[in-house]
Amino acid sequence: MRTLLRLTVANARSFVRDRAGMFWTLLFPVVFVLLFGLIFSGAQNPRYQIGWVDLDGSAASAGLRQAFARVTVLDLTTETTEAAGRDAMRSGKLSAVLVVPEGYGAALAAASAAASTTAAPAGPAVSLTLYTDPSQQQTSVTIQQIIGQVVGVANQALTRTPTLLGVQSKPLNTENISSTAYIVPSILAMALMQLGLFGAIPLVEQREKLILKRLGATPLARWTLVGSNVLVRLVIGLVQAVVILGIGLLLFNVQILGSLVLMTLLVLLGASTFIALGYVVASFVRTEEAASQTTSILQFPLMFLSGIFFPFDIMPNFMRAVGAAMPLTYLGDAMRQVMVNGSAFAPLPVDIAVLAGWLVACLAISARFFRWQ
Amino acid sequence: MAEARVAVGEPVISVGDLHKSYGSVKAVDGITFEVGAGEIFGLLGPNGAGKTTTIEILEGLRQPDSGEARVLGFDVAHNPAAIKERIGVQLQTTALYPRLTVRELIDLFRSFYRRSLPTDQIVDALDLRERVNARTMELSGGQQQRLSVALALVNDPELLFLDEPTTGLDPQARRSLWEVVGGLRRRGKSILLTTHYMEEAEELCDRVAIMDHGHILEMGTVTELVRRRFQERTIHFDAIPALGDGRLGSLPGVRRVAAEDGVTVLYTADVPASIGALLEAATSVGQEPRNLHILQASLEDVFLALTGRALRD
């Protein structure tokens, strides 16, 4: 036990004194949380820049502008001509340009006078022109919908039709799950994955540089050596969890809704599983360079197919199948469930069982194939 | 703690008909040797000769295929733990934990053993006092090597294994490490070392074994090995044209005459007789031999003769 403690302290010291290692394991996930947090919290209330071109200049067109100005997500900028509006759009200042045609007021007045005497005409009396950018598909569609709604309301007001049917939208989640709340457990899961997987690199390095052999020539037991490596990484994993969750809580108000004990156990289980995966990698590569390449390559499918950043819904079926086999999928899913009551990919006991299964499989493979020299 | 099983006068290492293969490669192919208590024994040979495999078996890092190997009275196949507790091992590793300080690393290694020397004593013995708080990655090559010997000494071992202890060191650092080994010899430690440097073997080793392709080709003291192969010594001097090869070849003791770049070389079995006759002959033609010196064949020559190649290929 004394040896285990000494070796663990030595490993911890080595880690703390390694600036680059500290950056990748502690600071990098923090940067990730900040980055994603800021991006997604900005996306909560998007605002669209709309050019307003009034070729009519009547009281009616001014009234229409007021109606649009009441829509909070639209920022209206007055442009004198259609051409000026299109130029501003091309230079990226505006997302869309709305043109009120000359004779708008007169046409509306004529139409409403006619409406009181004859039956309603088939087509609109007058049309606004809306320029949008097809390359900004999502923005364009959103703007078209908003403007369509405003025009619809304006039509009702002009024709004095009563509102019969309305829609009230409500978020389905029991708690308010923001994008940041989704991303914080994902980043924690990713950090634990990297912590364990990249552990293969120093292992292979120690073998390549005969350090494992040198230690093997002392009475130091192998289980002590492995135990101390695992212990240090588990502690680092817990520190990572505290830092990442702390930032999520303090800066983005992402709270842990479920049990803290369960969350801690998940951090330990997840870290153990990926540490074991690191040992598997170290069992099959010989050089430090190969270890570093293998782990870098492995982390990408783990990261992008596991639903921690991109939801499964947008993936083609074969990718979903790959993702459904990966341990990170279940770690991210379990953490999301415990932390923010996010919708589940699998029930929590299944998540835990799959992670434990991976852990056992990796341990068995490492025990069989890991070489000390 | 296991009882010491080496009686006074018994060998600290005894190897009998040891075999170890990797697939079809016979790394060690039936070697037998003993190392006595207090002896410094050198294993010489080119890369791939089987030195490292032999040492690793003796250190308890590998199991032999067949044959017997006993270290400090323990069978390596059955009692590696007891052996590891009582030997010191130095490998050609660079920095073990580059970010730990010298003191931290020595303390760490002390914790591996039941019995260990005080850290300060080890630091002073290896002249590392000034760098005791430096991280090991900041040490010079010579200091790194002294540290790796220091780590081999933490448990005050009876037997040390030094694997090419001075490879890559400058001549001054090599000399300083030789002094350390000399000090260990005076304290009665037994040492098994491997080296690429013949002068190192000649300087340090009581006996050497020359290995190649898993066999021991020859074994004995350096002087014995040289005498066994090379009974002749050579007399070198700047060529004297007035003395013909025929006349030089008929001088007493001289067996052969050779010329290399303006230097005449006489191979002789009787140096005093040949030298006296050479001086007389030179005087008779009114000259005196310049740059006159006598050389003995070295371990390098023995090695070349045995294996047909230089040691440091």
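The values are calculated or read from the model by the stated rules, or taken from the named source; none is laboratory data. A quick note: this is a predicted structure, and the numbers were derived from the prediction, not measured. Counting neighbours? That spans all protein chains shown, and the Cβs are built from the backbone with ideal geometry, glycine included. When the accessible area is computed, the model is the full protein with side chains, heavy atoms only, and any ligands, DNA or RNA have been set aside. Shrake-Rupley method; radii C 1.70, N 1.55, O 1.52, S 1.80 Å.
Would you calculate the volume per residue, in Å³, of the smallest convex hull containing every Cα atom of chain A?
On the way: hull volume 69.0 nm³, N = 373.
Considering the Cα atoms of chain A, their hull volume per residue is 185 Å³.
GNM, chain A, Cα, under 10 Å: largest mean-square fluctuation among A:PRO349, A:PRO219, A:PRO202?
Among A:PRO349, A:PRO219, A:PRO202, the largest mean-square fluctuation in the Gaussian network model of chain A belongs to A:PRO219.
What accessible surface, in Å², does a 1.4 Å probe find on B:ASP107, ignoring ligands, DNA and RNA and rounding to the nearest 10?
Solvent-accessible area, nearest 10 Å²: 40 Å².
What's the total accessible area buried between chains B and A, using a 1.4 Å probe, rounded to the nearest 100 Å²? Mind dumping the intermediate values first?
Details: alone 15160 and 20950 Å², together 33630 Å².
For B against A, buried area totals roughly 2500 Å².
If each Cα of region A:179-369 is one equal point scatterer, what is log10 of I(q)/I(0) from the Debye formula at q = 0.09, 0.14 Å⁻¹?
Computed log10 I(q)/I(0) values: -0.34, -0.78.
Taking the Cα atoms only, what angle lies between the long axis of helix A:327-340 and the longest principal axis of chain A, rounded to 10 degrees?
60
Which residue fluctuates the most in chain B, going by a Gaussian network model with Cα springs under 10 Å, if the choices are B:ARG290, B:ARG228, B:ARG114?
Sorting by GNM fluctuation, first place goes to B:ARG290.
Accessible area of B:ILE294, 1.4 Å probe, to the nearest 10 Å²?
Spelled out: B:ILE294, probe radius 1.4 Å, area about 80 Å².
Output the 0 to 90 degree angle, nearest 10, between the alpha-carbon long axis of helix B:171-186 and the longest principal axis computed from the alpha carbons of chain B.
Tilt relative to chain B: about 70 degrees.
If I histogram all Cα-Cα distances within region A:46-171 using bins 10 Å wide from 0, what percent of pairs lands in each bin?
11, 40, 33, 14, 1
When the chain is fully extended, how far beyond the present Cα-Cα distance does A:ARG368 get from A:SER127, taking 0.36 nm per residue of separation?
Details: separation 241, 0.36 × 241 = 86.76 nm, distance 7.54 nm.
Extending this stretch completely gives an extra 79.2 nm.
Does anyone have the angle between helix A:137-159 and the longest principal axis of chain A? Alpha-carbon axes, 0 to 90°, nearest 10?
30
Looking only at other chains, what is the average number of their beta-carbon atoms within 10 angstrom of each beta-carbon in B:96-107? Working shown, then result.
Details: counts 7, 8, 4, 8, 6, 2, 0, 0, 5, 1, 0, 3.
Mean partner shielding for this stretch: 4.
Which FRET efficiency value, to the nearest 0.05, do you get for B:HIS196 and A:VAL235 by plugging their Cβ-Cβ distance into 1/(1 + (r/R0)^6) with R0 = 60 Å? Intermediate values should be presented prior to the final figure.
Values: r = 44 Å, r/R0 = 0.73.
The value I calculate is 0.85.
Would you calculate the convex hull of the Cα atoms in region A:227-306 and tell me its volume per residue in Å³? Don't skip to the end; give the middle numbers.
Details: hull volume 9.9 nm³, N = 80.
Taking the convex hull of the Cα positions in region A:227-306, it is 123 Å³ per residue.
Taking only protein heavy atoms into account and a 1.4 Å probe, give the accessible area per residue of region A:179-369 in Å². List each step's numbers first, then the result.
Working: 7770 Å² over 191 residues.
Here the per-residue accessible area is 41 Å².
Report the extension gain between B:ALA242 and B:HIS293 in nm, rounded to one decimal, defined as 0.36 nm multiplied by the number of residues separating them, less their alpha carbon distance. Please list the in-between numbers first.
Numbers: separation 51, 0.36 × 51 = 18.36 nm, distance 1.97 nm.
Once the chain is fully extended between B:ALA242 and B:HIS293, it gains 16.4 nm.
Would you compute, from DSSP H runs of 4+ residues alone, the mean residue ellipticity of chain B at 222 nm, taking -39500 (n - 2.57) per run and dividing by the full residue count, rounded to the nearest 500? Mind dumping the intermediate values first?
Details: 11 runs with 103 residues, N = 313.
Dividing the helical sum by the residues of chain B leaves -9500 deg cm²/dmol.
Please compute P(r) over all alpha-carbon pairs of region B:193-313, binned at 10 Å starting from zero, and give each bin as a whole-number percent.
12, 38, 24, 19, 6, 0
May I ask you to list the lysines whose Cα is less than 30 Å away from that of B:LYS26, ignoring any residue fewer than eight positions away on the same chain?
A:LYS209, A:LYS213, B:LYS51, B:LYS84
For region B:170-213, what log10 I(q)/I(0) values come out of the Debye formula at q = 0.15, 0.16, 0.17, 0.29 1/Å, with one point per alpha carbon and no solvent?
-0.40, -0.45, -0.51, -1.21
Please compute the contact order of chain B in relative form: average sequence separation of alpha-carbon pairs under 8 Å and at least six residues apart, divided by the residue count, as a percent.
Values: 595 pairs, mean separation 58.2, N = 313.
Computed value for chain B: 19 percent relative contact order.
Among the aspartates and glutamates, which have Cα under 15 Å from the Cα of A:LYS93 when same-chain residues fewer than 8 positions away are ignored?
A:ASP75, A:GLU79, A:GLU82, A:ASP133
Could you work out [θ]222 nm for chain A from helices alone, using -39500 (n - 2.57) per DSSP H run of at least four and dividing by all its residues? Round to the nearest 500 deg cm²/dmol.
Values: 16 runs with 241 residues, N = 373.
That comes out to -21000 deg cm²/dmol.
Which residue, B:ALA82, B:ALA201, B:ALA239, tops the fluctuation ranking in a GNM of chain B built on C-alpha contacts under 10 Å?
Greatest mean-square fluctuation among the candidates belongs to B:ALA239.
Hey, if you drop one equal point scatterer on each alpha-carbon of the protein assembly as shown and run the Debye formula without solvent, what base-10 log of I(q)/I(0) do you get at q = 0.07, 0.09 Å⁻¹?
-0.71, -0.93
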